[in-house]
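Student: My questions will all concern the structure given below.
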């Protein structure tokens, strides 16, 4: 079952969590500890409204390639259909300004080609040009556009000047660049793929500057924001040879992609967008890759248009980085409170196994880290502080125990003893009970 009703909580976890909460949550953005008690219904938001149909979270600045006086063509895949769109550009993690001379959006054909007659110019406050300082972002003006769910679009940016690039690293998408001002050109001739960024042994296929595509839809009833780390970002989801081969772009095999496809197939009265706000290596409280969850929740979750539900799937990187269960629980409570105060439903996800067999190089969870993982998962299942829990831990168990006693991910779903493989991601996306995202009256009846 993916909906779990609280029955209790271990006294050890309650005491340690209370002690840390007094100190930690008093410091984190001054969010009241018990703000999560103020719940609101996630009502349907149909009609002519905006919904975040595609998103990425910016995590690191990049100093190359040199992109001044060139064009980048970023490939996006909105998760809902609609009749109008707007695009958000961000310079979030850059330390220098960027200037765009023009921006266009069109339907992707093949390669970098755009379907003839579909390329539409974007404006920003009525201007074709836009300059963003470090940390800034801007929405384009709305443009009439026939958007089809899961049909790929190309957002092309003529870059007048750029130095440091605000990026989302693990894009798993082939994006393109070309010299000169080519944003308005529907031909892909002269465009070449953006070089993938090596992150360890993994190629990451980054996005530059683009952060979101909102779609105005007459039928969509909300947006589900998936807020997580590399397992939400999709690491290993397209790696060949069960994790031992190469990373392939453009396959859309993350659990969030599977969820989006399932939601897109529902009747219009139940359709919802999916906005992926995963960052590989992200943590809840501090450190890790990109701004931690408690820092970026406003930008990446609460500002998402039409959001009704948040799926929160973090914590494993906090524990691997030295945090204990009380720290993870306190950080999660901070997120819960802020999401619920915004009137959204929040669904927690249990941490999956991270043990490693003795025969495999590398370090899996120690006995103490496994204890912390199990304590956090037990709190999630029994505390009733989340509106619901998706138990991916239960789904992924079955690989035995490591020498430290840590659970190992089951072999048929394993990529690298941290992340699932493609089959595992597919199982995760299929495992989610879609009744969690129904309009609130139907959802409440289904829980009885």
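Student: Has the stretch 366-385 got any residue that is surrounded by 22 or more Cβ atoms within 10 Å (Cβ to Cβ), in contact with a strand residue (DSSP E or B) (Cβ under 6 Å, 6 or more places away or on another chain) and in contact (Cβ under 8 Å) with a residue 24 or more places away in the chain?
Tutor: Looking through the stretch 366-385, at least one residue is surrounded by 22 or more Cβ atoms within 10 Å (Cβ to Cβ), in contact with a strand residue (DSSP E or B) (Cβ under 6 Å, 6 or more places away or on another chain) and in contact (Cβ under 8 Å) with a residue 24 or more places away in the chain.
Student: Out of all the residues in the stretch 268-303, which are surrounded by fewer than 21 Cβ atoms within 10 Å (Cβ to Cβ) and over 20 Å from residue 340 (Cα atoms)?
Tutor: Answer for the stretch 268-303, where residues must be surrounded by fewer than 21 Cβ atoms within 10 Å (Cβ to Cβ) and over 20 Å from residue 340 (Cα atoms): 268, 269, 270, 281, 286, 287, 289, 291.
Student: If you go through the stretch 225-248 one residue at a time, how many are touching a residue at least 40 places away in the same chain (Cβ under 8 Å), surrounded by fewer than 18 Cβ atoms within 10 Å (Cβ to Cβ) and closer than 15 Å to residue 206 by Cα?
Tutor: Looking only at that region, the number is 0.
Student: Of the residues 362, 355, only one is more than 16 Å from the chain's Cα centre (by Cα) and on the phi > 0 side of the Ramachandran plot; which?
Tutor: Of the residues listed, the single one that is more than 16 Å from the chain's Cα centre (by Cα) and on the phi > 0 side of the Ramachandran plot is 362.
Student: Now for a different question. Against the conditions (1) out of contact with any helix residue (DSSP H, G or I) (no Cβ under 6 Å at 6 or more places or on another chain); (2) under 28 Å from residue 195 (Cβ atoms); (3) in contact (Cβ under 8 Å) with a residue 12 or more places away in the chain, where does residue 273 fall short? Just the number, please.
Tutor: Result: residue 273 passes all but (2).
Student: Residues 393, 433, 416: which one is within 20 Å of residue 319 (Cα to Cα), surrounded by fewer than 20 Cβ atoms within 10 Å (Cβ to Cβ) and touching a strand residue (DSSP E or B) at 6+ places or on another chain (Cβ under 9 Å)?
Tutor: Residue meeting the stated conditions: 416.
Student: Further question: Go through (1) farther than 29 Å from residue 332 by Cα; (2) part of a strand (DSSP E or B) and name the single condition residue 214 misses.
Tutor: Checking residue 214 against (1) farther than 29 Å from residue 332 by Cα; (2) part of a strand (DSSP E or B), the one that fails is (1).
Student: Considering only the stretch 113-160, give the strands (runs of 3 or more DSSP E) lying wholly within it that have at least 3 residues that are more than 28 Å from residue 62 (Cβ to Cβ) and modelled with pLDDT of 95 or more.
Tutor: It comes to 143-147.
Student: Would you mind listing the helices (runs of 4 or more DSSP H) fully within the stretch 368-446 where at least 2 residues are touching a helix residue (DSSP H, G or I) at 6+ places or on another chain (Cβ under 7 Å), within 30 Å of residue 172 (Cβ to Cβ) and modelled with pLDDT of 95 or more?
Tutor: So the answer is 392-396, 422-431.
Student: Residues that are buried (at least 18 other Cβ atoms within 10 Å of the Cβ) and modelled with pLDDT of 95 or more: list the strands (runs of 3 or more DSSP E) wholly contained in the stretch 28-88 that include at least 3 such residues. Lay out the reasoning, then the answer.
Tutor: Details: elements: 49-55, 60-62, 70-76.
Answer list for the stretch 28-88: 49-55, 70-76.
Student: Continuing with this model, one more query. Among the listed residues 169, 221, 174, which satisfies the condition of being touching a strand residue (DSSP E or B) at 6+ places or on another chain (Cβ under 8 Å), in contact (Cβ under 8 Å) with a residue 40 or more places away in the chain and surrounded by fewer than 23 Cβ atoms within 10 Å (Cβ to Cβ)? Give the derivation first.
Tutor: Working: 169 fails: surrounded by fewer than 23 Cβ atoms within 10 Å (Cβ to Cβ); 221 fails: surrounded by fewer than 23 Cβ atoms within 10 Å (Cβ to Cβ).
Selected residue: 174, the only one of 169, 221, 174 that is touching a strand residue (DSSP E or B) at 6+ places or on another chain (Cβ under 8 Å), in contact (Cβ under 8 Å) with a residue 40 or more places away in the chain and surrounded by fewer than 23 Cβ atoms within 10 Å (Cβ to Cβ).
Student: Of the numbered conditions (1) over 23 Å from residue 168 (Cα atoms); (2) buried (at least 16 other Cβ atoms within 10 Å of the Cβ), residue 121 satisfies every one except a single condition; which is it?
Tutor: (2)
Residue-by-condition table, conditions (1) modelled with pLDDT under 95; (2) outside any helix (DSSP H, G or I); (3) out of contact with any helix residue (DSSP H, G or I) (no Cβ under 9 Å at 6 or more places or on another chain); (4) not assigned by TED's automatic domain parsing to the domain that holds residue 348:
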| site | (1), (2), (3), (4) |
| --- | --- |
| 226 | no, yes, no, no |
| 242 | yes, no, no, no |
| 266 | yes, yes, no, no |
| 269 | yes, no, yes, no |
| 285 | no, yes, no, no |
| 295 | no, no, yes, no |
| 301 | no, no, no, no |
| 305 | no, yes, yes, no |
| 309 | no, yes, no, no |
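Student: Which pairs do you get when a residue that is free of Cβ contacts under 8 Å to residues at least 12 places away in the same chain and in the same structural domain as residue 75 (by TED's automatic domain parsing), found in the stretch 107-133, comes within reach of a residue that is surrounded by fewer than 20 Cβ atoms within 10 Å (Cβ to Cβ) and not in a loop (DSSP other than H, G, I, E, B), reach meaning Cβ atoms under 6 angstrom, with the pair 6+ apart or on two chains?
Tutor: Matching pairs, first to second residue: none at all.
The values are calculated or read from the model by the stated rules, or taken from the named source; none is laboratory data. Predicted model, so just to flag it, every value in this text is computed and none were measured. Ideal geometry is used to build each Cβ from the backbone, glycine not excepted, and the neighbour counts take in all protein chains shown.
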